[in-house]
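Visitor: Okay, here's the structure, questions in a sec.
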Amino acid sequence: MLPKKEMELEDIPGVGEKIAEKLREIGYTDPMVIAVTSPSELAAIAEIGEGQAAKIINSVRQMLEIGYETAEKILEKRKTVAKITTNSKNLDELLGGGVETQAITEAYGAYGSGKTQLGFQLAVDVQLPKDRGGIEGNVLWIDSEHTFRPERVVQIAKSMKLDTEKVLKNIFTARAFNAEHQIFLIEKSPEMIEQNNIKLIVVDSLTSHFRADFVGRSELAERQQKLNRHLHQLQRLADAFNLAVYVTNQVMADPSVLFGDPTRAVGGHVLGHMCVTPDTLVQLSDGGITEARNIHNPLGIAGIDFNNLKLSEGTCNGVYKSNRNRIIEINNSLRISPEHTVFRVNGLDVVETEAKYLKKGDYLIVPKQIGFEGEDVELSRVEPERVFVISKEGSKIIKKEVRKRRISLKKKSVELFGVTPRHLRRILNQSYPTREVVIKKITKSLGVSLSKCVKEVETNKHKKIKIPKKLSPSVAQLLGYFLGDGSLYENSIRWRDYRHEVLENYNRILFQVFGLKGRISKVKNKNCYQLEISNKYIAELFRYLADDYFVLSKSKKDCIKGFLRGIFDAECSIEGSKLYLRNTDRKLLEFIKLLLLRFGIHSKIHKQEKAFSLSIIRDSDRFFDMIGLTALDKVSKFNRPNSKREIIPIDRKLLNQIFKKYKIKKRTDLKYITREYLGKLCTTNPELRKIFARLLDSDLSFEKITSIRILNNREELIDISVPGTENFIANGYLVHNSTYRLYLRRGKEGTRISRLVDSPGLPEGEAVFKITEAGITDP
């Protein structure tokens, strides 16, 4: 939205003559620029307090009617976007018609790849009439590497039969001497842009001064912060004046890349997407769940296709890292950079909103259900040791062979058979049980066959046990109960519970799975019981599963159901129709939250004094219908809710307008409508069904923001590029990513290859072009 021309700075409440004069001195003549400036920036510029700056900014936004916009309004605004030709049909096609206004296009590549040459070409092309691919605008060129060459511009203009003198007069250049000067030139540009019809800003190069002025890891955070602010200033100019921003970027080699192209853009991913914390759980398209730090290229990522509002699959084509001193935590769960975009509900529309603009009471988009068939999951190969007894006939065979070979058992017993002479006598003369490895050593050393002379037996120490090779619902349930109430020792596992009948049930499951029963006993001086099973192989299996419970995410739904039942048996508390699961491990609760979505069960994370809790409120009846509990005492406490209250956050005023239009009786007792109630209305009103059918049939649901905090951060943040869907599921929330990035490199026979690394709505691809005396051309 462009500013209203009749508004003066003095018309803004809180802006007097002195403040207006300071703003004009540094180029803040346009109220729109003030509207999109942060309070801290405005406070520093105008030398006022941040509180006063915030009031001024809010006043401007109200006067210009700036706020959240519906997707319909954004679509209308997108109709004003213009495209600047690159003079190469191949490159234009790659970019969807040319370089866009209202956007930043970044080109990075090695020296001589054509980054600056493309800038020269755009500086001429932007001045062309619309029927020749231009937008009849002028150029602001920020030169940070002393690479601007007017004679090159003249060459290109002459080849296009343009008035070279006029072309040069329409390009306004400024030499940036350091990073602060570069930032200042952009801050001072709004008045010049407005007065000189600037439609293209070229920054060549964006990062060179930042790289030189901030050296070493100790200054990395400050560099990234300033660079991020600089980029936001450029984006604000692009939006406010409907102009294009073209920036070039230096490259460096990434030593971690062993195969393929190690070239990476300087500045990290500040120039691309915004980021999530490395421990964020990301939903994969094969049902797996992993931390963001483990995402790699390529990897199938689950997201939402906004064409049909259904769960879809994208493929990661890049993972990037950057630093932020501050992050935003939403609902004690999602932790993202302030600039990361999430999907928020506004009226009947879904709008993209940066995290820093979210507030309590907003509703975010979350998946309604994540349906995967799952697969069989192989378990760690735990091979129980077996014991045997040697028959009298076998004993005779061994003794005969020992005499024949004249072996001294006193000297050679340990060396040949791995047992002492005394132990060997007990094995041969008293049918003493011995391990399978000893039998194998005897047969190998003496060259005899004992297959018909040995018998497998069971002892107190070596009991026959079944170790499953694949994850089953029963093993998964035992794992869930173990993670909730279990303790692991070197050769045993113990569960403690005040409910004797629950321990008896899990003892039966142990016998079904392993063929062994544990021992239940009263714990001394405590009001609870203990189930203990002593077997090092079972302990080894659970040690593996507890260390890598993420393997469960790929399993079939019956296994996931068993796991959830087990952990809720252990840790769940019930208050009326609400379920709460408490645990000190936040990551485990985030994992459970994603698993519950396999069944369409929505949950939420809460922070407590010494732990975290996961609540199931609106879908508690669904939990009991699809998962259930073994603990009958907890089942008896549950009060099934009368109705399912999944809120669809359409504002009451808008609902009343819809009700009035379709002659539907108003419900004054509800602030928002529920999915259940809306569904009933749509079954009796076909016209209403046409409006809401897509939403009701979608894979989208909604979660209210009840907690939002700004936190300090010391970790590198992770961003994931997912072309196609342009979104992914992070800790159960739908988050977005988008930017334009071009990677340029030399090709064969003097050509250049441009690869579209990332863009908001275009597929990844490549284009070949040439740099000639006449400028950019197709080969």
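Visitor: Considering only the stretch 75-94, state which residues are exposed (fewer than 13 other Cβ atoms within 10 Å of the Cβ), in a helix (DSSP H, G or I) and not acidic (D, E).
Guide: If the condition is that a residue be exposed (fewer than 13 other Cβ atoms within 10 Å of the Cβ), in a helix (DSSP H, G or I) and not acidic (D, E), then L75, R78 are the ones that fit.
Visitor: Can you confirm whether I442 is open to solvent by less than 90 Å² (accessible area, probe 1.4 Å) and either aromatic (F, W, Y) or over 27 Å from I467 (Cβ atoms) (or both)?
Guide: no
Visitor: Additional query: Among the residues of the stretch 23-52, which ones are part of a helix (DSSP H, G or I), over 24 Å from N242 (Cα atoms) and either modelled with pLDDT of 75 or more or among the acidic types (D, E) (or both)? Even if it seems obvious, please write down each step before you answer.
Guide: Going residue by residue through the stretch 23-52, those that are part of a helix (DSSP H, G or I) are 23-25, 31-35, 39-46, 50-52.
Restricting the remaining residues to those that are over 24 Å from N242 (Cα atoms) gives 40, 43-46, 50-52.
Within the stretch 23-52, A43, E50, G51, Q52 qualify.
Visitor: Kindly indicate whether M252 is of a type in the set (A, V, I, L, M), modelled with pLDDT under 70 and assigned to a strand (DSSP E or B).
Guide: Values: of a type in the set (A, V, I, L, M): yes; modelled with pLDDT under 70: yes; assigned to a strand (DSSP E or B): yes.
The answer is yes for M252.
Visitor: Checking the conditions here, which among G137, G112, G119, G97 is closer than 18 Å to L243 by Cα and surrounded by fewer than 21 Cβ atoms within 10 Å (Cβ to Cβ)? Talk me through it step by step, then tell me what you get.
Guide: Numbers: G137 fails: surrounded by fewer than 21 Cβ atoms within 10 Å (Cβ to Cβ); G112 fails: closer than 18 Å to L243 by Cα; G119 fails: surrounded by fewer than 21 Cβ atoms within 10 Å (Cβ to Cβ).
Result: G97 is the single residue among G137, G112, G119, G97 that is closer than 18 Å to L243 by Cα and surrounded by fewer than 21 Cβ atoms within 10 Å (Cβ to Cβ).
Visitor: If you scan the stretch 595-622, which residues turn out to be assigned to a loop (DSSP other than H, G, I, E, B) and within 14 Å of L564 (Cα to Cα)?
Guide: Restricting attention to the stretch 595-622, the residues satisfying the condition of being assigned to a loop (DSSP other than H, G, I, E, B) are 600-603, 608-611, 617-619.
Listed by number, the residues that qualify are G600, I601, H602, S603.
Visitor: Separate question: Go through the residues of the stretch 185-195 one by one and say whether even a single one is touching a strand residue (DSSP E or B) at 6+ places or on another chain (Cβ under 6 Å), in a strand (DSSP E or B) and modelled with pLDDT under 90.
Guide: Taking every residue of the stretch 185-195 in turn, none turns out to be touching a strand residue (DSSP E or B) at 6+ places or on another chain (Cβ under 6 Å), in a strand (DSSP E or B) and modelled with pLDDT under 90.
Visitor: May I pose another question? Residues being of a type in the set (S, T, Y), at pLDDT 80 or above and farther than 25 Å from I601 by Cα: count how many of those fall in the stretch 326-374.
Guide: Keep residues of the stretch 326-374 that are of a type in the set (S, T, Y), which gives 333, 337, 341, 353, 357, 363.
Then keep just the ones that are at pLDDT 80 or above; that gives 333, 337, 357, 363.
Among the residues that remain, those that are also farther than 25 Å from I601 by Cα are: 337, 357.
Number of matching residues: 2.
Visitor: Restricting to the stretch 53-62, count the residues that are at pLDDT 75 or above and surrounded by fewer than 18 Cβ atoms within 10 Å (Cβ to Cβ).
Guide: The first filter runs over the stretch 53-62 and keeps only residues at pLDDT 75 or above, leaving 53-60.
Filter once more, keeping what is surrounded by fewer than 18 Cβ atoms within 10 Å (Cβ to Cβ): 54-55, 58.
So the answer is 3.
Visitor: Can you name the number of the only condition in (1) within 30 Å of T443 (Cα to Cα); (2) open to solvent by 40 Å² or more (accessible area, probe 1.4 Å) that D376 fails?
Guide: (1)
Visitor: Can I ask one more? In the stretch 100-109, how many are open to solvent by less than 20 Å² (accessible area, probe 1.4 Å), of a type in the set (A, V, I, L, M, F, W, C) and within 18 Å of S144 (Cβ to Cβ)? Break it down stepwise before answering.
Guide: Of the residues in the stretch 100-109, the ones open to solvent by less than 20 Å² (accessible area, probe 1.4 Å) are 100-101, 103, 105-109.
If we keep only those that are of a type in the set (A, V, I, L, M, F, W, C) as well, we get 103, 107.
This time we only want the ones that are within 18 Å of S144 (Cβ to Cβ), so: 107.
Final tally of qualifying residues: 1.
Visitor: I need the full set of residues from the stretch 535-566 which are open to solvent by 10 Å² or more (accessible area, probe 1.4 Å) and without any contact (Cβ under 8 Å) to a residue 60 or more places away in the chain, in order please.
Guide: Of everything in the stretch 535-566, those that are open to solvent by 10 Å² or more (accessible area, probe 1.4 Å) and without any contact (Cβ under 8 Å) to a residue 60 or more places away in the chain turn out to be K536, R543, D547, D548.
Visitor: Test each condition in (1) in contact with a strand residue (DSSP E or B) (Cβ under 7 Å, 6 or more places away or on another chain); (2) of a type outside the set (V, I, T); (3) surrounded by fewer than 15 Cβ atoms within 10 Å (Cβ to Cβ); (4) modelled with pLDDT of 90 or more for E385 and report the one that comes out false.
Guide: Result: E385 fails condition (4) only.
Visitor: Since Q608 meets every condition but one in (1) surrounded by fewer than 18 Cβ atoms within 10 Å (Cβ to Cβ); (2) modelled with pLDDT under 90; (3) in contact with a His (Cβ under 7 Å, 6 or more places away or on another chain), which condition does it not meet?
Guide: (3) is the only condition that Q608 fails.
Visitor: Report, ordered by the first and then the second residue, all pairs with beta carbons closer than 7 Å, sequence separation of six or more or different chains, a first member in the stretch 105-127 that is more than 16 Å from L168 (Cα to Cα), and a second member that is part of a helix (DSSP H, G or I) and among the charged types (D, E, K, R).
Guide: Pairs that qualify, where the first residue is more than 16 Å from L168 (Cα to Cα) and the partner is part of a helix (DSSP H, G or I) and among the charged types (D, E, K, R), are A107/K115; G109/K115.
Visitor: List pairs: first in the stretch 421-437 and open to solvent by 60 Å² or more (accessible area, probe 1.4 Å), second assigned to a helix (DSSP H, G or I), Cβ under 6 Å, 6+ apart or cross-chain?
Guide: Y432/R426
Visitor: Still on this structure, please answer the following. Got at least one residue in the stretch 631-647 being outside any strand (DSSP E or B) and in contact with a Cys (Cβ under 7 Å, 6 or more places away or on another chain)?
Guide: Looking for residues that are outside any strand (DSSP E or B) and in contact with a Cys (Cβ under 7 Å, 6 or more places away or on another chain), one finds at least one in the stretch 631-647, hence yes.
Here's the yes/no breakdown for (1) closer than 21 Å to K704 by Cβ; (2) at pLDDT 90 or above; (3) open to solvent by 20 Å² or more (accessible area, probe 1.4 Å); (4) among the charged types (D, E, K, R):
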site: S603; (1), (2), (3), (4): yes, yes, no, no
site: S620; (1), (2), (3), (4): yes, yes, no, no
site: D633; (1), (2), (3), (4): no, no, yes, yes
site: D651; (1), (2), (3), (4): yes, no, yes, yes
site: K665; (1), (2), (3), (4): no, no, yes, yes
site: I673; (1), (2), (3), (4): yes, no, no, no
site: E676; (1), (2), (3), (4): yes, no, yes, yes
site: K680; (1), (2), (3), (4): no, no, yes, yes
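Visitor: List the number of the failed condition for Q283; all other conditions in (1) in a strand (DSSP E or B); (2) under 12 Å from the mean Cα position of the chain (by Cα); (3) at pLDDT 80 or above; (4) surrounded by fewer than 23 Cβ atoms within 10 Å (Cβ to Cβ) hold.
Guide: That leaves (4) as the condition not met.
Visitor: Further, regarding this structure: Can you work out which of the residues in the stretch 551-594 that are out of contact with any strand residue (DSSP E or B) (no Cβ under 9 Å at 6 or more places or on another chain) and not in a helix (DSSP H, G or I) is nearest to I729 (Cα to Cα)?
Guide: S577
Visitor: Let me ask something else. Consider S573 against the criteria (1) open to solvent by less than 40 Å² (accessible area, probe 1.4 Å); (2) within 25 Å of K368 (Cβ to Cβ): it satisfies all of them except one. Which criterion is unmet?
Guide: Condition not satisfied by S573: (2).
Visitor: Quick one: in the stretch 445-467, of everything that is of a type in the set (S, T, N, Q) and over 20 Å from E401 (Cβ atoms), which residue is surrounded by the fewest Cβ atoms within 10 Å (Cβ to Cβ)?
Guide: If we filter the stretch 445-467 for residues that are of a type in the set (S, T, N, Q), which is where we start, we get 445, 449, 451, 459-460.
Checking which are over 20 Å from E401 (Cβ atoms) leaves us with 459-460.
Numbers: T459: 9, N460: 6.
Out of the qualifying residues, it is N460.
The values are calculated or read from the model by the stated rules, or taken from the named source; none is laboratory data. Given the structure is predicted, the values throughout are model-derived calculations rather than measurements. Methodologically, a virtual Cβ is constructed for each residue, glycine included, from the backbone with ideal geometry; neighbour enumeration extends over all protein chains shown. Remember, those area values only see protein heavy atoms, side chains included, never the ligands or the DNA or RNA. Shrake-Rupley method; radii C 1.70, N 1.55, O 1.52, S 1.80 Å.
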